[in-house]
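Scroll down for the structure; my scribbles are underneath it.
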Amino acid sequence: MSVKIGAADASALSSLGCGGIIRNAVFPENLEEIRYIWQNYRDFSFVFLGGCTNTLVCATKKEDLYVFSTRLKGFSVREEKLTAYCGEKTAFLSALAYQNGLAGLEDFCLLPGTVGGALLGNSGCHGREISDSLDTVEVFSRKDGLRERCREDLVFSYRQSSFAKDEFLVSATFSLRAAPKEVLQKRRREVGEIRRKALPSEKSLGSVFKKVNGVSAGYYLERLGFKGKRLGGIRFSEKHANVLINDGNGRAEEYKELVELAEEACLREYGIRLEREVRILDG
Ligand SMILES: Cc1cc2nc3c(=O)[nH]c(=O)nc-3n(C[C@H](O)[C@H](O)[C@H](O)COP(=O)(O)OP(=O)(O)OC[C@H]3O[C@@H](n4cnc5c(N)ncnc54)[C@H](O)[C@@H]3O)c2cc1C
């Protein structure tokens, strides 16, 4: 057996539609391939990625290997437990729960990205966090191979989790509860309406910065005049000042520069050090 490393174009993989060339990328499809990669590519430093809906890859180092979860697919539903590989889309999982009359994931029905990315960043939608209904996660690391981690051993907080840097999230099991489909459908519709009103529909990575003491960073950015501010093909959305959107010909460097401009302005004018929600990988 062999699993080949190759170059990948981050602009084709990211929901922003821009990014550099990833020199070394690999897309394992199962546990056997994961074991092969960890055994045979020991000289590389590993960087883990899912759907790139929260990560911008500007440039990569030759000694880094980008391991994507997006081809790790599969799921099962047993009574009120839903298990899925971490490359499955979170929105798909939410739909699956709905189809099986299970409540707990309906607020995530339109969240872009994979289950692995959502768990790593403890994604939140409309007052719920993805960790709320988590039961167990299987992770793979060089030291321990595949092992199961229980919800009780993990710490989740606002857009944060306690997974170690060398742990690749492989699969997750959620504990859900039976609910009438009409109730779930109603909530899914409400979520759709809320998101259509609040979020720009153009290509983006979602919110750029985390909330500041519970207040959206967009509140400060709007007051600083960032709405609509543009650099080349990237601009702050007129709809939501905390989202940077790509007109179609935007470049990763422009995105990064606008992020830095916003950080500097917020620090200068309000003494606030904005914390990035988006991860920017720059070699
Ligand atoms: C239009 C839009 C709306 C959004 N709305 C929301 C929202 O309402 N709430 C919210 O919280 N987020 C939101 N986001 C951000 C994003 O969708 C979520 O953070 C999503 O869960 C990220 O998943 P991903 O697979 O794309 O992760 P990636 O961007 O690929 O990775 C994110 C992080 O997770 C790590 N990671 C990914 N997969 C694995 C793995 N298998 N093992 C170990 N580490 C891994 C990466 O190293 C990286 O640090 C939005 C984004 C967009 C574009």
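The values are calculated or read from the model by the stated rules, or taken from the named source; none is laboratory data. Please read these numbers as outputs of a predicted model, since none were measured by experiment. Glycine gets a Cβ as well: all are built from the backbone with ideal geometry, and neighbour counts include every protein chain shown.
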Original post:
Has the stretch 181-199 got any residue that is assigned to a strand (DSSP E or B) and either away from the ligand (no atom under 11 Å from the Cβ) or touching a residue at least 12 places away in the same chain (Cβ under 8 Å) (or both)?
Top reply: no
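Conditions tested, residue by residue: (1) within 18 Å of the chain's Cα centre (by Cα); (2) polar (S, T, N, Q); (3) more than 30 Å from Arg42 (Cα to Cα).
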| position | (1), (2), (3) |
| --- | --- |
| Gly145 | no, no, no |
| Arg151 | no, no, no |
| Asp166 | yes, no, no |
| Ser171 | yes, yes, no |
| Arg177 | no, no, yes |
| Lys181 | no, no, yes |
| Arg188 | no, no, yes |
Within the stretch 119-178, residues surrounded by 15 or more Cβ atoms within 10 Å (Cβ to Cβ), more than 10 Å from the ligand (Cβ to nearest atom) and not in a strand (DSSP E or B) come out as Ser131, Asp132, Ser133, Arg151, Leu154, Leu176
The condition from (1) in the same structural domain as His126 (by TED's automatic domain parsing); (2) at pLDDT below 95; (3) not charged (D, E, K, R) that Ala59 misses is numbered (1)
Going through the stretch 255-280 in order, the residues found to be within 16 Å of the ligand (Cβ to nearest atom) and not aliphatic (A, V, I, L, M) are Tyr255, Lys256, Glu275, Arg276, Glu277, Arg279
Within the stretch 1-47, the residues that are assigned to a helix (DSSP H, G or I) and either assigned by TED's automatic domain parsing to the domain that holds Glu167 or within 20 Å of the chain's Cα centre (by Cα) (or both) are Ala10, Ser11, Ala12, Leu13
| message | I'd like to know if the stretch 223-230 contains one or more residues that are over 20 Å from the mean Cα position of the chain (by Cα) and in the same structural domain as Phe108 (by TED's automatic domain parsing). | response | no
When restricted to Gly50, Gly116, the only residue within 16 Å of the ligand (Cβ to nearest atom), assigned by TED's automatic domain parsing to the domain that holds Ala10 and small (Gly, Ala, Ser) is Gly50
